[in-house]
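Heads up: the structure comes next, in structure tokens.
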Amino acid sequence: MKILYSPSSPYSNKVRMAAHHAGLTVKSVLTDTNANPPDLIGNNPLGKIPTLITADGKAIFDSRVIMQFIDRETKGKLYPRNAQKRTEVEMLEALCDGICDSLLAIVYEKRFHPPEKIHQPWIDRQWEKVTRALDHLNANMPKTAAKLHAGHFAMAAMLRYIELRFTGEWQRGRPKLKNWTQKFEKFFPDHAQFKL
Ligand SMILES: N[C@@H](CCC(=O)N[C@@H](CS)C(=O)NCC(=O)O)C(=O)O
């Protein structure tokens, strides 16, 4: 089983940390999406990472589908069994992934356009979503203890990504969020393997 990934991809980071935590053995294969490698395009027409390829060659994407797959393969290591708690965890994951979607939209706007074509109102709109969502998270922090779940990995990956691309720009006024990574890392001792 392998995951096509890039170290700076937050969704890849989420699924790789989650697979490790759940005890699923998966090989990570460094993948440059810009080069459209056949292994990626042939398995995922969207050409996006993460893409998981099972031992019998079946492709699984996107990251939320991969997370559910890992959960089933490991008999429920990532999501709570209780329906209401499960929805809460899935919502936390969706929120953190959604923040990453907006951050990536900003990064790609700048990366793939010549300077005169960069549309600042689009960037501002995406950043508004990010700031609203971060404020919401800071006011509604998930309980974090030894039993980690999918939402924790999504949040850890998102915070690593925002710090990588928007260093020092998100912490002000959000002390709980700012201090959360330290707490998470205490319960996920192998975190250093997954630094962005
Ligand atoms: N919703 C997808 C998003 C995946 C995604 O956008 N991945 C980025 C890297 S972080 C990518 O592959 N970008 C290359 C491209 O869009 O061509 C998921 O959760 O897996």
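Annotations
- Taking Tyr11, Tyr161, Tyr79 and counting other C-beta atoms within 10 Å, the order from fewest to most: Tyr79, Tyr161, Tyr11
- Using a Förster distance of 30 Å, the FRET efficiency for Asn140-Ile118 (Cβ separation, nearest 0.05): 0.35
- Working note: Cα atoms of region 83-189, range along each principal axis, descending, whole Å: 49, 29, 24.
- Taking every DSSP helix (H) stretch of at least 4 residues in the chain, weighting each as -39,500 (n - 2.57) and dividing the sum by the residue count yields a mean residue ellipticity at 222 nm of -17500 deg cm²/dmol.
- Local electrostatic count, Val26, Cβ distance below 12 Å [Lys/Arg +1, Asp/Glu -1]: +2
- Projected over every direction and averaged, the convex hull enclosing the alpha-carbon atoms of the chain yields 11.5 nm².
- Between Lys178 and Leu46, the modelled label-to-label distance comes to 3.5 nm, taking each label 7 Å out from Cα in the direction of the beta carbon.
- The relative contact order of the chain, computed from alpha carbon pairs under 8 Å that lie at least 6 residues apart in sequence, is 24 percent.
- C-alpha center-to-center spacing [region 170-196, region 109-142] in angstrom: 21 Å
- Sorted on the mean count of surrounding Cβ atoms within 10 Å across their residues, most packed first, peptides 57-64, 140-147, 104-111 read 57-64, 104-111, 140-147.
- Pairs of alpha carbons in region 85-127 whose separation is greater than 16 Å (percent): 46 percent
- For region 2-73, the spread of Cα positions along each principal axis, largest first, Å: 31, 26, 18
Laboratory data are not the source of any read-out in this text; all were calculated from the coordinates shown. Quick caveat: nothing in here was measured; it's all calculated off a predicted structure. Glycine gets a Cβ as well: all are built from the backbone with ideal geometry, and neighbour counts include every protein chain shown.
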